Amino acid sequence: MSERNKYIIYLDNVAPDDVGDAEGFRGVDIRWMVTDGTMGTNHSTLFRVIFPAGAYHGPHYHTNTDELLYTVRGKAIQWVNGVECEMIAGSAMYIPKNTIHWQVNISDEPMEVVGFYPDVKNYADSNQILKDVSEWEKYGFPIKLRK
């Protein structure tokens with residue numbers, strides 16, 4: 001890694017991750033920008049996600065890290081531990097570790113969010129636990145979207 005490349009990375013140089021139903025995602029473009037694999041970090045992860053209209057991330061939690069989110073554009077519902085929050089451009093969220101949450105784009109436009117896991121060097125280390133789809137409705141998830 002060159003001296004410059006250990007300090008900066010460009011979105012176009014990071015391939016979208018192939019996440020899907022197994023991880024609780026539907027229709028998203030997620031790029032893990034700053035990780036141990038991309039920039040050699042030992043303790044933090046930065047990512048960018050685009051949720052097209054109707055895209056979602058189902059009910060889940062992370063056992064090893066908090067999650068911080070900043071909405072760049074668009075609009076979504078983020079459900080956090082029983083509280084439904086509307087995410088709009090310029091809003092930020094803090095989700096403590098071990099807190100069940102989910103997100104769905106409720107608009108006709110793409111929703112873009114930048115996220116940060118402060119305590120882990122990559123997504124796998126966050127230890128995301130996806131709730132079984134049979135339980136999603138009890139967490140307030142609009143089950144009609146899952147079909």
Mind grabbing the base-10 log of I(q)/I(0) for the stretch 26-80 at q = 0.13, 0.22 Å⁻¹? Debye formula, identical points on the C-alpha positions, no solvent, two decimal places. -0.40, -1.07
What size of dipole, in debye to the nearest 20, comes out for the chain about its Cα centre when the only charges are +1 on Lys and Arg C-beta atoms and -1 on Asp and Glu C-beta atoms? 100
What's the FRET efficiency of GLU109 with TYR70 using the Cβ-Cβ distance as r and R₀ = 30 Å, to the nearest 0.05? 0.95
Neighbourhood charge, 9 Å Cβ-Cβ cut-off, centred on LYS97 and excluding it, Lys, Arg +1 and Asp, Glu -1: -3
How large is ³J(HN,Hα) for each residue in the stretch 21-27, as worked out from phi by the Karplus curve 6.51 cos²θ - 1.76 cosθ + 1.60 (θ = phi - 60°), to whole Hz, x for Gly and Pro? 4, 4, 9, x, 8, 9, x
One can check that the equivalent ellipsoid of the chain, built from the alpha-carbon gyration tensor with semi-axes equal to the square roots of five times its eigenvalues, has lengths in Å, largest first, of 25, 17, 14
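Every number here is computed from the coordinates shown, using simple stated rules; none is lab data. All values derive from a computational prediction rather than experimental measurement. Reconstructed Cβ throughout: ideal geometry from the backbone, glycine too, with neighbour counts over all protein chains shown.
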